[in-house]
Amino acid sequence: MRRTAVVTGASSGIGEATARRLAGEGYDVVAGARRRDRLDKLAAEVPSVTPVTLDVTSEESVDALAGALDRCDVLVNNAGGALGLEPVAEARLDDWQRMYDTNVLGSLRMTQALLPRLIESGDGVLVMLTSTAGLVSYEGGGGYCAAKHAQTSMVETLRLELLGQPVRIVEIAPGMVRSEGFAVTRFRGDEEAAARVYEGVPGPLTSDDVAEAIAWAVTRPAHVNIDRLVIRPRAQAAQHRIHRVSD
Ligand code: 8X3
C-alpha cells in the first residue's frame, strides 16, 4: 500500500526538500504551491511527486486539492513565511494580515480539509512547521512571531483535542535556516539585506537539514509522537546569540 503525503509550500526551500525526502521514504507526494512551473520541474525529477497548484489563502484552492485526493497519511503545513522587520510601532498592517493568512489560517484551512483523511488512514501524521520565532519574540519580529506563536498554540490544542484518535501531531521549530527565499521575501526582494542575515555564520541550517528531521519524525512507529523538535545551527545558541566570524 502506497501512502500519500501532502506538502504545502513545496516549490522551494524546506517544502521542496521535504517533498524530496518523503518521496525517498516511499510516499506518493502531493506537492502544493502557487508557483506551478517550479513544481513541474520537481515532478519531472522525482516521479512520485504530483504537482498541484495551491494557494493556502484560498478555501476554494484548498478544497480542490482535498477533493482530488484518494487518501492522505501525512500533511506537512509548511507554507508561510515572514514579511518585514519593522518594529511594531511602524509595522504594516497588510504584512501582518498576509502573515496571519498564510502561516496561521493557511494551516487551519489545510488541517480542516485533510484531518478526516488523516484519521481515516489509521496512522495519520500532521506536521506543523513553526519556528523558534514561535517560542520566543525578538525586535522587529512582531508579526512573524505572533503568527508562529499562533501555530505553536494550534499544535498544542490539536494534540489535546485529538487525543485517542489515530493521528500524530508534530511540531518542527527551526532556527536559522539559509533557504532560497525566506530572508529575501522578508526584505521585500532586497538580496543584500537578506545575505546580511547569514553573514559570517559558519553553517546556518539548510532546507534539507530540516527536511531530514521532518522525515525522521514522520517515519517513527505509530505510537511515537515527536511533540516538538527544535533545530538550530551550532552557531546559534539562542535567538539573539549567533556566532559570526569575519575574514
Ligand atoms: C525563521 C527563524 O530567526 O528568522 O523562522 O525568526 S527567525
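The values are calculated or read from the model by the stated rules, or taken from the named source; none is laboratory data. Just so it is clear, the model here is predicted, and its values are computed rather than measured. Heads up, the Cβs are rebuilt from the backbone with ideal geometry, glycines too, and the neighbour counts pull from every protein chain shown.
Miscellaneous remarks
- Search result, residues across the stretch 114-148 that are hydrophobic (A, V, I, L, M, F, W, C), in contact with a helix residue (DSSP H, G or I) (Cβ under 8 Å, 6 or more places away or on another chain) and buried (at least 21 other Cβ atoms within 10 Å of the Cβ): Leu114, Val125, Leu126, Val127, Met128, Leu129, Ala133, Cys145, Ala147
- Among the conditions (1) touching a helix residue (DSSP H, G or I) at 6+ places or on another chain (Cβ under 9 Å); (2) at pLDDT 95 or above; (3) among the aliphatic types (A, V, I, L, M), the only one that Leu160 does not satisfy is (1).
- For the stretch 64-80, taking the residues that are in a loop (DSSP other than H, G, I, E, B) and crowded, with 21+ Cβ neighbours inside 10 Å, the one that is nearest to the chain's Cα centre (by Cα) is identified as Asn78.
- Among the residues of the stretch 168-209, just one is away from the ligand (no atom under 11 Å from the Cβ), in contact with a strand residue (DSSP E or B) (Cβ under 8 Å, 6 or more places away or on another chain) and of a type in the set (Gly, Ala, Ser), namely Ser207.
- Unmet criterion (only one of (1) surrounded by fewer than 17 Cβ atoms within 10 Å (Cβ to Cβ); (2) in contact with a helix residue (DSSP H, G or I) (Cβ under 6 Å, 6 or more places away or on another chain)) for Asp37: (2)
- Considering residues of the stretch 204-247 that are over 16 Å from the mean Cα position of the chain (by Cα) and of a type in the set (Ser, Thr, Tyr) only, the residue farthest from Met154 (Cα to Cα): Ser246
- Looking across the stretch 210-247, the residues that are more than 13 Å from the ligand (Cβ to nearest atom) and within 21 Å of Glu16 (Cβ to Cβ) come down to Ala211, Glu212, Ala213, Ile214, Ala215, Trp216, Ala217, Val218, Thr219, Leu229.
- Scanning the stretch 92-135 for residues that are free of Cβ contacts under 8 Å to residues at least 12 places away in the same chain and not in a helix (DSSP H, G or I) yields a single hit, Arg92.
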